[in-house]
Amino acid sequence: MASEITTSEYIKHHLQNLTFGQKQTEIEPGVWAPTGEWGFAMSPAEAANMGFWSINVDTMLMSILLGALMMWFFRSVAKKVSTGVPTGSQNFAEMIIDFIDDTVRGSFSGGKNKLVAPLALTIFVWVFLMNLMDLIPVDVIPQIVMQSAAAIFGVDPHHVYFKIVPTTDPNATLGMAIFVFMLMLYYSFKIKGTGGFISELTLQPFGKWALPINTVLETVTLLSKPFSLGLRLFGNMYAGEMVFILIATMYGAGLAMGSFAGLLQIGWAIFHILIITLQAFIFMVLTTVYLDMAHQEHH
Amino acid sequence: MNINATIIGQIIAFAVFVAFCMKYVWPPIMQALEERKKKIADGLAAAERGRHEQELAEKRAQQVIHEAKEQASEIVSQAQKRGNEIVDESKSNARVEGERILNSAKAEIEQEANRARDELKTQVGGIALAGASKILGREIDEKAHTDLLDELVSRI
């Protein structure tokens, strides 16, 4: 942590994504206007004013990297999978797949659906890997990126942001939740039919004489599913990341505080192993349950 | 922490990963797991069958041994019976043969005795005749009957 920035700036710096979009300039305090160029945001305020058509490069990069890593691993196992005695990586992959398969069988009763189990596997492993980035000490990768950006492009390292945990970006978690929501809608329409789905949304729980109330209640219920799904993961990971950052701010406060911070960080990291696994598991199980609900016809 | 186009990127990335997993990862591994499950089940069934067969074979072997024992004891008892029979038969045969030999010996003895008797009779007759002729000769004519007497002597 460089001496010239305050704790608050340090924390803000860590919570800012590397955003690419239309460059903005502050023409007067609080008022921003596009410059017409495209580039990386140099401050949180500029990133915020880039609007919807900007992209968090760090989130995308890390999530795709981790997803590709996961797919590469499982694909390499699938290519040389043997029905004999499993060894090495196949053992590991099979352990995960068996676990996912058991969980999905336990909570999904929609018959022969070829999507849910691979979806659950992707969610569990991908989310777990993305969460796992939280255990890397908060400054390591951002510092590497900042210093290399400064060395290569000659930009001020204080204006280079890099968040390595994609699940602390609500875009990532809500994006996944929205995809799950689209699948829920797809299967609801497919299994129950348009009429069935609409009657499910309007005729429960109070019968046809309370149709408006039913509609409001059921719509809220339906919409709350993806939101709670995405925000639960985001909230947990964001809070965990925040604690790591707060612990990291103590390193600058002398040897005693620094050692204490080290102990705290180890303790929190150990506790966090539980949280990252649990959150990945919860996301997977809830997705399975929601899709199971989408498959069930109410009578 | 702004909602921006990243959300679209994430949806696409997620969809691509799920599709990839669904197409290239899950089916082959799952298939291998199912096959292995089937293999193990088959193996267990085969083992069970083998054990069952072994039990049957053991039972059959016991039965065969039992039968063989029974047969052996039967053969032994038959042989004993037959042996006794042979002994009895040969005993009676021996008895009959003995009797026969005895009878024939008796008959022969009798025959011999008869023949001796007959011979004795003739000899006694001869002797009596000789005696009589001797007695008669001395009175009649010793010289005339010398030849006859000599003959008689030589015959005795």
Selection count, segment A:74-101, where residues are surrounded by fewer than 17 Cβ atoms within 10 Å (Cβ to Cβ) and not in a helix (DSSP H, G or I): 6
Candidate set: segment A:163-177, residues that are of a type in the set (Val, Ile, Thr) and part of a helix (DSSP H, G or I); chosen: the one nearest to B:Ile7 (Cα to Cα): A:Thr173
Of residues in segment A:61-77 being within 9 Å of chain B (Cβ to nearest Cβ) and touching a residue at least 12 places away in the same chain (Cβ under 8 Å), the one nearest to B:Tyr24 (Cα to Cα): A:Phe74
The listed residue being surrounded by fewer than 17 Cβ atoms within 10 Å (Cβ to Cβ), polar (S, T, N, Q) and at pLDDT 85 or above, out of A:Thr167, A:Thr194: A:Thr194
Residue among A:Asp134, A:Asp139 that is more than 10 Å from chain B (Cβ to nearest Cβ) and surrounded by fewer than 17 Cβ atoms within 10 Å (Cβ to Cβ): A:Asp139
Any hit, segment A:203-212, residues being modelled with pLDDT under 90, within 14 Å of chain B (Cβ to nearest Cβ), surrounded by 15 or more Cβ atoms within 10 Å (Cβ to Cβ) and farther than 23 Å from B:Phe14 by Cβ: no
Qualifying position, being at negative phi and either more than 12 Å from chain B (Cβ to nearest Cβ) or of a type in the set (Asp, Glu) (or both), among A:Ile97, A:Ile55, A:Ile27: A:Ile27
Qualifying residues in segment A:102-112 (those that are in a loop (DSSP other than H, G, I, E, B) and exposed (fewer than 15 other Cβ atoms within 10 Å of the Cβ)) - the one nearest to the other protein chains (Cβ to nearest Cβ): A:Lys112
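Just one of A:Ile123, A:Ile141, A:Ile100 is more than 20 Å from A:Ala177 (Cα to Cα) and within 24 Å of the chain's Cα centre (by Cα); which is it? Working first, answer last.
Details: A:Ile123 fails: more than 20 Å from A:Ala177 (Cα to Cα); A:Ile100 fails: more than 20 Å from A:Ala177 (Cα to Cα).
Testing whether each residue is more than 20 Å from A:Ala177 (Cα to Cα) and within 24 Å of the chain's Cα centre (by Cα) leaves just A:Ile141.
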Cross-chain or 6+ apart pairs with Cβ under 8 Å, segment A:28-54 first and under 15 Å from B:Ala5 (Cβ atoms), then among the acidic types (Asp, Glu): none
Segment A:106-162: number of residues that are farther than 27 Å from A:Ala41 by Cα, in contact with an Asp or Glu (Cβ under 9 Å, 6 or more places away or on another chain) and at pLDDT below 90: 4
Failed item, numbered, when A:Pro34 is tested on (1) loosely packed, with under 15 Cβ neighbours inside 10 Å; (2) within 10 Å of chain B (Cβ to nearest Cβ): (2)
A:Met184, sole failed condition from (1) over 15 Å from the mean Cα position of the chain (by Cα); (2) closer than 30 Å to A:Ala41 by Cβ: (2)
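The values are calculated or read from the model by the stated rules, or taken from the named source; none is laboratory data. Keep in mind that this is a model prediction, so the values were computed, not measured. Neighbour counts run over all protein chains shown; Cβ positions are idealised from the backbone, glycine included.
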